[in-house]
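Encoded as structure tokens, the structure appears first; notes follow it.
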Amino acid sequence: MNKVFLIGRLTRDPELRYTGSNVPVATFSIAVNRPFSNQAGEREADFINVVIWRKQAENVKNYMTKGSQVAVDGRIQTRSYDDQNGQKRYVTEVVADNVEFLGSKGSSNNGANQDLGTGPTPYDFPETQAPKTTDVTENPFADFGNSIEISDDELPF
């Protein structure tokens, strides 16, 4: 299985290009913090190249800039090419299936979320219109108010 999920900040503005058959493709890189500190007590980050295609590529270019926080899910791809000197070069990058805007640098997510094709999140609604949720901090098995009935008669096989 080749699946990756990342949350990080764009290190530069996305670059949008079009293939010979006019298919949009955007490239950008994100800085993803490591979950530990180095020997000096500092947090380090990995810088990961991302490629996204078609309509989401245009959305990324239109709505995201350097410093924007994003969630990326996709797959890792390695490819190679010969450089100007005939040396074989390898590139490892994430080919994104979805990129979701989480907020810009310094934002507090006050309505700043932009859905780029993954459906609404609770942050997309004003507080009075937010989807109903149940606080499960006390009891994670609390009743959510909906009953589920399952019948063997409804199974497709």
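So here's what we get for this one:
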{"item": "Per residue solvent-accessible surface (Å²) - region 1-59, probe of 1.4 Å", "result": "66 Å²"}
{"item": "Additional length obtainable on full extension of the chain from LYS88 to GLN39, 0.36 nm per residue less Cα span", "result": "14.1 nm"}
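The values are calculated or read from the model by the stated rules, or taken from the named source; none is laboratory data. Since this is a predicted model, take the numbers as computed values, not measurements. With ligands, DNA and RNA removed, areas are computed over all heavy atoms of the protein, side chains included. Shrake-Rupley method; radii C 1.70, N 1.55, O 1.52, S 1.80 Å.
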